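> The structure's right below; bear with me while I get my questions together.
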Amino acid sequence: MTTLKSKDGTTIAFDKQGDGPALILVNGAMSTRSDGSNPELARLLAQHFTVYAYDRRGRGDSGDTKPYAVGREIEDIDALIDKAGGYAFLYGHSSGGCLALEAAVKLSDKVKKLAMYEVPYNDDPEAQKAWGTYIKNLTEALASNRRGDAVAL
């Protein structure tokens, strides 16, 4: 495990393996770099890429600085890209796909390619309304450090 400091001083923990273009794995909300299939995915991708598997802020071995904001998670990805040499490919799973997409927009000069899997987007108007309520409630729960409530949502 290696660490770096994000823009706001938060410690971000990551593992690096492989050789090739930089690829950053952005996990879903309830995952860490060492959960489930993440280590195997990193191992397989490391045959072709330099893989950076990290713990998102507030998870695993990474620190957490309040208040929570998506922008801070984008700063974390930016710090990892800088550590990787200034540009990278991003792979995002679930809500990590949402973050990877946001990073690709905000850091377009640094993100060379983007892949996403099981991103929670839905273009149905009723689903979008429900999603907006969910995001509002989730953001409030996380900002108030009510992680149990956030998980229950």
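The values are calculated or read from the model by the stated rules, or taken from the named source; none is laboratory data. Everything numeric here is computed off the predicted structure, so don't read it as measured data. When we count neighbours, we look across all protein chains shown, and the Cβ atoms used for this are built from the backbone with ideal geometry, even at glycine.
> I'd like to check something: does segment 15-22 contain any residue that is without any contact (Cβ under 8 Å) to a residue 60 or more places away in the chain, under 21 Å from Asp82 (Cα atoms) and among the aliphatic types (A, V, I, L, M)?
No - not one qualifying residue is present in segment 15-22.
> Restricting attention to segment 111-124, does a residue exist that is outside the structural domain of Leu153 (by TED's automatic domain parsing), modelled with pLDDT of 95 or more, surrounded by 20 or more Cβ atoms within 10 Å (Cβ to Cβ) and more than 18 Å from Leu153 (Cβ to Cβ)?
Yes.
> Scan segment 6-29 for residues that are surrounded by 13 or more Cβ atoms within 10 Å (Cβ to Cβ) and over 19 Å from Ala104 (Cα atoms) and jot them down.
Asp8, Thr10, Thr11, Ile12, Ala13, Phe14, Asp15, Lys16, Gln17, Gly18, Gly20
> Condition first: within 25 Å of Tyr121 (Cβ to Cβ) and not assigned by TED's automatic domain parsing to the domain that holds Arg147. Can you find one or more residues in segment 12-23 that meet it?
Yes, segment 12-23 has at least one match.
> Could you look through segment 21-39, keep only residues that are in a strand (DSSP E or B) and β-branched (Val, Ile, Thr), and pick out the one that is nearest to Cys98 (Cα to Cα)?
Of everything passing the filter in segment 21-39, Val26 is nearest to Cys98 (Cα to Cα).
> Can you work out which of the residues in segment 80-129 that are aromatic (Phe, Trp, Tyr) and assigned to a loop (DSSP other than H, G, I, E, B) is farthest from Leu41 (Cα to Cα)?
Once the filter is applied, the top-ranked residue is Tyr121.
> Sort out which residues of segment 7-39 are at positive phi and either in contact with a Ser or Thr (Cβ under 9 Å, 6 or more places away or on another chain) or modelled with pLDDT of 95 or more (or both), and write them in order of number.
Across segment 7-39, the qualifying residues are Gly9, Gly18, Gly20.
> Here's a check for you: in segment 58-77, which residue that is under 12 Å from Leu4 (Cβ atoms) and within 11 Å of the chain's Cα centre (by Cα) is surrounded by the fewest Cβ atoms within 10 Å (Cβ to Cβ)?
Only one residue fits best here, namely Glu75.
> Could you please find all residues in segment 63-79 being aliphatic (A, V, I, L, M) and outside any helix (DSSP H, G or I)?
Listed by number, the list holds a single entry, Ala69.
> Among (1) at pLDDT 95 or above; (2) in a loop (DSSP other than H, G, I, E, B); (3) out of contact with any Lys or Arg (no Cβ under 6 Å at 6 or more places or on another chain), there is one condition Ala42 misses while meeting the rest; what is its number?
The failed condition is (2).
> Of all residues in segment 47-86, which are over 25 Å from Gly148 (Cβ atoms) and in contact (Cβ under 8 Å) with a residue 40 or more places away in the chain?
Phe49, Glu75, Ile77, Asp78, Ala79, Leu80, Ile81, Lys83, Ala84, Gly85 - these are the residues of segment 47-86 that are over 25 Å from Gly148 (Cβ atoms) and in contact (Cβ under 8 Å) with a residue 40 or more places away in the chain.
> Look at Asp82 and say whether it is buried (at least 16 other Cβ atoms within 10 Å of the Cβ), under 21 Å from Thr10 (Cβ atoms), among the acidic types (Asp, Glu) and assigned by TED's automatic domain parsing to the domain that holds Asp8.
no
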